[in-house]
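> Can you read through this structure? Questions will come right after.
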Amino acid sequence: MDLKKYIRSIPDYPKKGILFRDITTLIKNAEAFKYTNDKIIELSKKISFDKVAAIESRGFVFAAPLSHQLKKPFILLRKKNKLPADTFSVDFELEYGKATVEVHKDSIQKGEKILIIDDLIATGGTAEAAAKLVEISGGKVAGFIFVINLFDLPGNKLLEKKGYNTQSLVDFPGH
């Protein structure tokens, strides 16, 4: 299945100069959504991991079925002030601003291997922040799986340079 046919491109969103890759058109198609989840599960079976983590909010859409299917615990990596208990926090730069991502301090135990899922890798700021959260929690990053890799932006190369295993289902230019 060619997933590119199910991903909408929106120019100048959320600000001028950004070409937004919209997965809502993929997830509203039952066959494309199932295919995407099946492929993520297939890729994840080649990785040794204890828990799956996802980055708010579109990462949740793809990590929840993986967690359910493989019976792995699911960790939420959320935006600032969205988690009720004690958290670790990491600030980072987005392509279009600044943000903070957090995880509950009791979500990851020392030495646990965490597979991180998100819908898209662009500049790598969010993914790098997610990896830092796993590591300051005492865990190890088992790898990343993305639905979309914006291949001409530096995110994937940044993660690989840091020694992280990354995989994606679809490659698009970022602009």
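Quick note: the coordinates plus some simple rules give every number you see, no bench work behind them. Nothing here was measured: the structure is a model prediction, and the numbers come from that model. FYI the Cβ positions are ideal-geometry reconstructions off the backbone, even for glycines, and counts take in every protein chain you see.
> Please tell me the relative contact order of the stretch 48-172 in percent, rounded to the nearest whole number, where contacts are Cα pairs under 8 Å and at least six residues apart.
Answer for the stretch 48-172 is 24 percent.
> What ranking of His68, His175 emerges when the number of other C-beta atoms within 10 Å of each C-beta is taken as an exposure proxy, fewest first?
With the fewest neighbours first, His68, His175 line up as His175, His68.
> Here's a follow-up. For the chain, modelled as a Gaussian network with Cα springs under 10 Å, which listed residue fluctuates most, Thr126, Thr100, Thr24?
Its mean-square fluctuation being the largest, the pick is Thr24.
> For the stretch 24-94 and the stretch 116-175, what is the centre-to-centre distance using only Cα atoms, to the nearest Å?
The stretch 24-94 and the stretch 116-175 have Cα centres separated by 13 Å.
> With N set to the number of residues, divide the alpha-carbon radius of gyration of the stretch 22-174 by 2.2 N^0.38 Å and report two decimals.
Rg over 2.2 N^0.38 Å, computed on Cα atoms: 0.96.
> Per the helix-only calculation at 222 nm, which mean residue ellipticity applies to the chain, given -39500 (n - 2.57) for every DSSP H run of n ≥ 4 and division by its residues, nearest 500 deg cm²/dmol?
Counting only the DSSP helices, I get -8500 deg cm²/dmol.
> Which one, Lys51, Lys15, Lys110, has the greatest fluctuation when you compute a Gaussian network model over the chain with C-alpha springs under 10 angstrom?
Of the options given, Lys15 has the highest mean-square fluctuation.
> Right, here's the next one. Of Lys46/Lys79; Lys28/Lys80; Lys79/Lys132; Lys5/Lys82, which pairs sit farther than 24 Å apart, going by alpha carbon to alpha carbon?
Listed pairs above 24 Å: Lys46/Lys79; Lys28/Lys80; Lys5/Lys82.
> Could you tell me which residue out of Ala63, Leu133, Ile117 lies farthest along the dipole of the stretch 1-156 toward its positive end? Charges go on the beta carbon: Lys and Arg +1, Asp and Glu -1, centred on the Cα centre.
Positive-most Cα among the choices belongs to Ala63.
> In the structure displayed, which of Lys140/Lys162; Lys105/Lys161; Lys45/Lys162; Lys51/Lys110; Lys39/Lys157 lie more than 18 Å apart, Cα to Cα?
With Cα atoms farther than 18 Å apart: Lys105/Lys161; Lys45/Lys162; Lys39/Lys157.
> Now for a different question. Using a Gaussian network model of the chain whose springs link C-alpha atoms within less than 10 Å, name the residue from Gly163, Gly124, Gly155 with the highest mean-square fluctuation.
The residue that fluctuates most here is Gly163.
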